Amino acid sequence: MLIIFGVKDKATTTETGTFHCPVCQSSQRFERKTMKRYFSLFFIPLIPLGGGPGSVVQCQNCGTQLPPDITRRG
Ligand SMILES: [Zn+2]
């Protein structure tokens, strides 16, 4: 039997709100997405491994992904 396993990054939306988007240069809605790294078996994420790329803030107007601390500035 062939066993397919690997590592998969899964994004979860952990926060929504409004912030000042530097690309739109106006107040926009954002979603904070936390990327978590999972051990996956047959393409199904099973075991959280910790680490991973961390979180990003995505502007819901222009779709630009920004550093996670951007909502705390200014
Ligand atoms: Zn924007």
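A short reminder: the numbers here are calculations on the coordinates, not readings from a lab. Keep in mind it's a predicted model, so treat the numbers as computed, not measured. No Cβ is skipped: glycine too gets one built from the backbone with ideal geometry, and neighbour counts run over all protein chains shown.
Name the residues in region 27-69 that are small (Gly, Ala, Ser) and in contact (Cβ under 8 Å) with a residue 12 or more places away in the chain, would you?
Those that are small (Gly, Ala, Ser) and in contact (Cβ under 8 Å) with a residue 12 or more places away in the chain: Ser40, Gly50, Gly51, Gly52, Gly54, Ser55.
Kindly provide the set of residues from region 21-43 that are surrounded by 11 or more Cβ atoms within 10 Å (Cβ to Cβ) and away from the ligand (no atom under 16 Å from the Cβ), ordered by number.
Listed by number, the residues that qualify are Thr34, Met35, Lys36, Arg37, Tyr38, Phe39, Ser40, Leu41.
How do the strands (runs of 3 or more DSSP E) wholly within the chain filter down when requiring 2 or more residues that are touching a helix residue (DSSP H, G or I) at 6+ places or on another chain (Cβ under 9 Å): which remain?
Per the criteria, 5-21, 26-41.
Quick check on Pro68: is it touching a Gly at 6+ places or on another chain (Cβ under 9 Å) and surrounded by 14 or more Cβ atoms within 10 Å (Cβ to Cβ)?
Numbers: touching a Gly at 6+ places or on another chain (Cβ under 9 Å): yes; surrounded by 14 or more Cβ atoms within 10 Å (Cβ to Cβ): yes.
Yes: the conditions hold for Pro68.
Somewhere in region 12-20, is a residue within 12 Å of the ligand (Cβ to nearest atom), touching a residue at least 40 places away in the same chain (Cβ under 8 Å) and more than 16 Å from the chain's Cα centre (by Cα)?
Step one: filter region 12-20 for residues within 12 Å of the ligand (Cβ to nearest atom), giving 18-20.
With touching a residue at least 40 places away in the same chain (Cβ under 8 Å) added as a condition, the list becomes 19-20.
Then drop every residue that is not more than 16 Å from the chain's Cα centre (by Cα), which leaves 19-20.
Yes, that holds for at least one residue.
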